[in-house]
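Trainee: Dropping a structure here in structure tokens format, bear with me for questions.
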Amino acid sequence: MKVILKENLDNLGHIGDIVKVAPGYARNYLVPRGFAIEATEKNAKALEHAKRQLEYKRNKVLEQAKALVAKIEALTLTVTHQAGEEGKLFGAVTNMELAELLKAQGVDVERKKIVLAEPIKHVGEFTASVKVHPEVAAVLKVVVTKAE
């Protein structure tokens with residue numbers, strides 16, 4: 001079954017794309033939640049007009065993502081953990097912990113979108129990538145200090 005996407009979906013495509021999906025997936029998930037509409041002849045003709053609206057929506061979402069990136073990159077998160085003599089942490093700093101700290105700063109990001117190159121297990125300065133939008137990612141500065 002072919003559908004026209006009304007939202008960006010990671011595993012399918014972007015706004016305005018015509019994609020082929022299983023009929024049950026379209027009927028039971030995409031269409032009822034407003035993520036897509038059926039790609040009928042009538043809807044295909046309306047797609048031309050809708051593309052302009054969807055392009056506007058796509059640009060608006062991209063602008064919001066860029067604003068969020070600027071907000072995230074302006075922040076420096078300070079995490080205090082218990083550590084041993086040589087600065088090795090007891091445990092590790094996780095993306096869940098970083099998501100909670102970002103939420104406390106007023107930036108709501110899913111923990112799955114915060115990508116650590118490797119687990120943070122030492123005291124020091126680190127960076128984490130935050131995938132805000134498929135086209136835009138932010139670099140988050142994290143400073144890990146030793147708890148007294």
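The values are calculated or read from the model by the stated rules, or taken from the named source; none is laboratory data. Every value quoted in this text rests on a predicted model; they were computed, and no experiment measured them. With ideal geometry, Cβ positions are generated from the backbone for all residues, glycine too; neighbour counts draw on all protein chains shown. For accessibility, only protein heavy atoms count, side chains too; no ligands or nucleic acids. Shrake-Rupley method; radii C 1.70, N 1.55, O 1.52, S 1.80 Å.
Trainee: Restricted to the range 55-99, and to residues that are among the basic types (Lys, Arg) and open to solvent by 80 Å² or more (accessible area, probe 1.4 Å), which residue is farthest from VAL130 (Cα to Cα)?
Mentor: LYS88
Trainee: Further question: Quick one: is LYS51 farther than 24 Å from LYS113 by Cβ and open to solvent by 90 Å² or more (accessible area, probe 1.4 Å)?
Mentor: Criteria met by LYS51.
Trainee: Here is a list of conditions, (1) open to solvent by less than 90 Å² (accessible area, probe 1.4 Å); (2) farther than 30 Å from LYS141 by Cβ, and ARG27 meets all of them except one; can you say which number that is?
Mentor: Unmet condition: (1).
Trainee: Going residue by residue through the range 89-109, is there one that turns out to be touching a residue at least 60 places away in the same chain (Cβ under 8 Å), among the hydroxyl-bearing types (Ser, Thr, Tyr) and farther than 30 Å from ILE4 by Cβ?
Mentor: Within the range 89-109, not a single residue is touching a residue at least 60 places away in the same chain (Cβ under 8 Å), among the hydroxyl-bearing types (Ser, Thr, Tyr) and farther than 30 Å from ILE4 by Cβ.
Trainee: Search the range 32-51 for residues that are of a type in the set (D, E, K, R) and pair each with any residue that is modelled with pLDDT of 90 or more and outside any helix (DSSP H, G or I) when their beta-carbon atoms are under 7 Å apart and the residues are at least 6 apart or on different chains.
Mentor: As it stands, the answer is GLU38/VAL3; GLU38/VAL31, since those pairs meet every condition given.
Trainee: Does any residue of the range 13-23 turn out to be part of a helix (DSSP H, G or I), farther than 29 Å from SER129 by Cβ, open to solvent by 80 Å² or more (accessible area, probe 1.4 Å) and free of Cβ contacts under 8 Å to residues at least 60 places away in the same chain?
Mentor: Within the range 13-23 (the criterion being part of a helix (DSSP H, G or I), farther than 29 Å from SER129 by Cβ, open to solvent by 80 Å² or more (accessible area, probe 1.4 Å) and free of Cβ contacts under 8 Å to residues at least 60 places away in the same chain), the answer is no, since none of the residues qualifies.
Trainee: Would you point out which residue out of GLU86, GLU63 is closer than 24 Å to LYS121 by Cβ and of a type in the set (Asp, Glu)?
Mentor: After applying the criteria, what remains is GLU86.
Trainee: Within the range 1-11, work out how many residues are surrounded by 14 or more Cβ atoms within 10 Å (Cβ to Cβ) and either modelled with pLDDT under 90 or among the charged types (D, E, K, R) (or both).
Mentor: Within the range 1-11, residues that are surrounded by 14 or more Cβ atoms within 10 Å (Cβ to Cβ) and either modelled with pLDDT under 90 or among the charged types (D, E, K, R) (or both) number 7.
Trainee: With a cut-off of at least 1 residues that are under 15 Å from the mean Cα position of the chain (by Cα) and under 23 Å from ILE15 (Cβ atoms), name the strands (runs of 3 or more DSSP E) lying wholly within the range 52-148.
Mentor: 124-133, 136-146
Trainee: Just name the residue that is farthest from HIS81 (Cα to Cα) out of those in the range 112-139 that are modelled with pLDDT of 90 or more, open to solvent by 70 Å² or more (accessible area, probe 1.4 Å) and in contact with a helix residue (DSSP H, G or I) (Cβ under 7 Å, 6 or more places away or on another chain).
Mentor: Per the stated criteria, the residue is LYS131.
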